[in-house]
Amino acid sequence: MRRLLYSIAWIVVYLILVLAPLLVLLIGQERPGRELWREFSIALGFVGLSMMGLQFLLTSRFRPVVRPFGIDVVYHFHRQISIIAFLFILAHPIMLFAFNPRLLSLLNPFTAPLSAIFGLSALILLALVVFLSLGRLRINLKYEPWRITHGLFATGAVILAMLHVLEVGYYIDTPAKRALWIVLGVFWVGTLFYMRILKPILMVRRPYRVEEVRAERGNTHTVVFQPEGHNGMRFRPGQFAWLTVWASPFSIMEHPFSFSSSSLEKGKVALSIKELGDFTSRVKEITPGTRAYLDGPYGVFSIDYHPAPGYVFLAGGVGITPVMSMLRTLADRNDQRPVYLFYGSKDWEGTTFREDIEALKTRMNLTVFYVLEEPTEGWDGPVGYITPDLLAENLPQNRVELTYFICGPELMMQAVEDALDRLGIPPDQLTAERFNLV
Amino acid sequence: MRKTLANQLAIAIGIIILILAAIYALIQGT
């Protein structure tokens, strides 16, 4: 209930911040109004700019904002709302041109005033930001260069848009309006300062040292971190953190990974990382003693946020990592509630953590179903994918009372969500973790 | 599920902002 109230409060704050320019324009209005379409177009430009400015706050992982929603919701919201904000901003010049075609001359960079050049450049940069984010995988743009260009282009776009407003000048002619833009500007720059300067300083003061890099089955490595000169972090099983290694926290070379260790382990934390891309393929090269920085914990994919009489974990591939953390924590807590694990893997050899899972069975009330895509000869377990039939046959009678955690590749998650829906599992008893935040 | 929630939240907020921007234009415009 408290989380819901905080969520609503943040939505109201968001709306107020987005609409602040329009409120000030109405309050401090001294000039006569202009044509309806022109005012509408300008209103869309202003709210679009506010929304873009607020995007920095959404991705700053500012805890009071992240906590009530969960970081996955905040990041997906950031992605979706950016498309809407871009459409508003795009509508701004289109409506002006439609209303007054003579304004099309502003598109000529040789004759256009500075205000139009700033506005157009901001729009082009924003279009690039949106295009590169939505099409990153399709055009094979790697995460690191995308992340750098994303930050630079977005900051550039907002600065250019602010310059556009200042240069047009029509809406900054009273002290109240000037004050508004100064406050908004300070707020946006403040968010950037928090993200790029203050937070890295705090991280530098809380470093970790790599204690061990352990090879696991399925091209996965577990990296164990020991806090250096501090008590480490307390996380909930199933959560994740952003890892920076071989770089300073001031660089933005950080990657999100789930904890795989028990949350009851004192000090030490472990992340398990599967070789999937540039950075993850180099994790095995990390040597013990290397300094690292962790920003976290984040996420609400945790049994601690979803009390239930029993749990069902549905994991595919590396999706087993946060599940391992929850299983290990349940065992360490001597929790004897029934737990079912449906674990889809390519083959038996590459089934990550299978020995650890077998060992956990002796310490807790755990039932495991391995599902192999490519079984070896003699395999008598389920083959292929986690299907509705497999779930229907093996879930207990009280399955609608249990809480379900799903983590794995997108297609597997979709299929499992559909299967659970067909089995009559209420949607609010499903929690899914998607690794593709960006 | 949570992705859908984020999408719906973004669309709802987008619509509210669009409506309020239109109301502003109605008040301000001639």
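The values are calculated or read from the model by the stated rules, or taken from the named source; none is laboratory data. Small disclaimer: the values here were computed from a predicted structure and weren't measured. Here the Cβ is made from the backbone with ideal geometry for all residues, glycine too, and neighbour counts use every protein chain on show. Only protein heavy atoms, including side chains, enter the accessible area calculation; ligands, DNA and RNA are left aside. Shrake-Rupley method; radii C 1.70, N 1.55, O 1.52, S 1.80 Å.
Legend: mean number of C-beta atoms from other chains within 10 angstrom of residue C-beta atoms, peptide A:47-57, equals 1. Using only side-chain charges placed at the Cβ, +1 for Lys and Arg and -1 for Asp and Glu, the dipole size of region A:169-308 relative to its Cα centre rounds to 260 debye. With a Förster radius of 30 Å, plug the Cβ-Cβ distance of A:D428 and A:T387 into 1/(1 + (r/R0)^6) and report the FRET value to the nearest 0.05. For R0 = 30 Å, the calculated efficiency reads 0.80. Computed extension length for A:I117-A:Y143: 6.3 nm, one decimal, from 0.36 nm per residue of separation with the Cα-Cα distance subtracted.
The distance separating the Cα centre of region A:93-171 from that of region A:208-237 comes to 42 Å. Take each peptide in A:131-144, A:228-241, count the other Cβ atoms within 10 Å of every residue, and average; sorted highest first, the result is A:228-241, A:131-144. So if we plug the beta-carbon distance of B:I23 and A:A127 into 1/(1 + (r/R0)^6) with R0 = 45 Å, what FRET efficiency do we get, rounded to 0.05? In this case the efficiency is close to 0.95. The angle between the Cα long axis of helix A:114-134 and the longest principal axis of the Cα atoms of chain A comes to about 10 degrees, rounded to the nearest 10. Shielding of peptide B:11-23 by partners, expressed as the average count of other chain Cβ atoms within 10 Å per residue Cβ, is 6.
What is region A:1-148 by shape, rounded, prolate or oblate, if you read a ≥ b ≥ c off the alpha carbon gyration tensor as root eigenvalues and call it rounded for a/c under 1.5, prolate for a/b larger than b/c, and oblate otherwise? Here region A:1-148 falls in the oblate category.
Residues A:Y298, A:Y6, sorted by accessible area with the largest first, give A:Y6, A:Y298 [1.4 Å probe; ligands and nucleic acids excluded].
When the Cα positions of A:T367, A:G350, A:V339 are compared along the charge dipole of region A:323-383, A:V339 comes out farthest toward the positive end, with charges on each C-beta of Lys, Arg, Asp and Glu. Placing +1 on the Cβ of every Lys and Arg and -1 on the Cβ of every Asp and Glu, with nothing else charged, gives chain A a dipole about its Cα centre of roughly 1680 debye. Across the options A:V186, A:G156, A:L128, the greatest Cα extent toward the positive end of the charge dipole of region A:125-191 (unit charges at beta carbon of Lys, Arg, Asp, Glu) belongs to A:L128. Largest mean-square fluctuation among A:E285, A:E167, A:E373, in a Gaussian network model of chain A whose springs join Cα atoms under 10 Å apart, belongs to A:E285. Between the beta carbons of A:R363 and A:E212, assuming R0 = 22 Å, the FRET efficiency works out to 0.45 to the nearest 0.05.
For chain A, the mean residue ellipticity at 222 nm estimated from helices alone is -15000 deg cm²/dmol, where every DSSP H run of n ≥ 4 contributes -39500 (n - 2.57) and the total is divided by all residues, rounded to the nearest 500. Here's the picture: charge each Lys and Arg Cβ at +1 and each Asp and Glu Cβ at -1 in the protein assembly as shown, and of B:Q28, A:V66, A:T329 the one pushed furthest to the positive end of that dipole is B:Q28.
Each Lys and Arg Cβ is given +1 and each Asp and Glu Cβ -1; about its Cα centre, region A:330-438 then shows a dipole of about 420 debye. Taking the average, over residues, of other Cβ atoms within 10 Å as the packing measure, peptides A:191-201, A:52-62 rank A:52-62, A:191-201 from highest down. Extension gain for A:N334 to A:L134 (0.36 nm times residue separation, less C-alpha to C-alpha distance): 67.5 nm. The phi torsions of region A:338-347, fed into the Karplus equation with coefficients 6.51, -1.76 and 1.60 and a -60° offset, translate into couplings of x, 10, 10, 10, 10, 10, x, 9, 5, 9 Hz, rounded to whole numbers, with Gly and Pro shown as x. Taking the DSSP beta bridges in chain A as the whole, what percent of them are antiparallel, to the nearest 5? About 55 percent, rounded to the nearest 5. For the pair A:T174 and A:L202, the difference between a 0.36 nm per residue extended length and the Cα-Cα distance amounts to 6.1 nm.
The order of B:I27, A:I42 by accessible area, most exposed first and with a 1.4 Å probe, is B:I27, A:I42.
Other protein chain C-beta atoms within 10 Å of residue C-beta, averaged over A:84-96: 1. When peptides A:264-271, A:393-400 are ranked by their average number of other Cβ atoms within 10 Å per residue, the highest-first order is A:264-271, A:393-400. Note on surface exposure: A:D304, A:D418 rank A:D418, A:D304 by accessible area, highest first, 1.4 Å probe.
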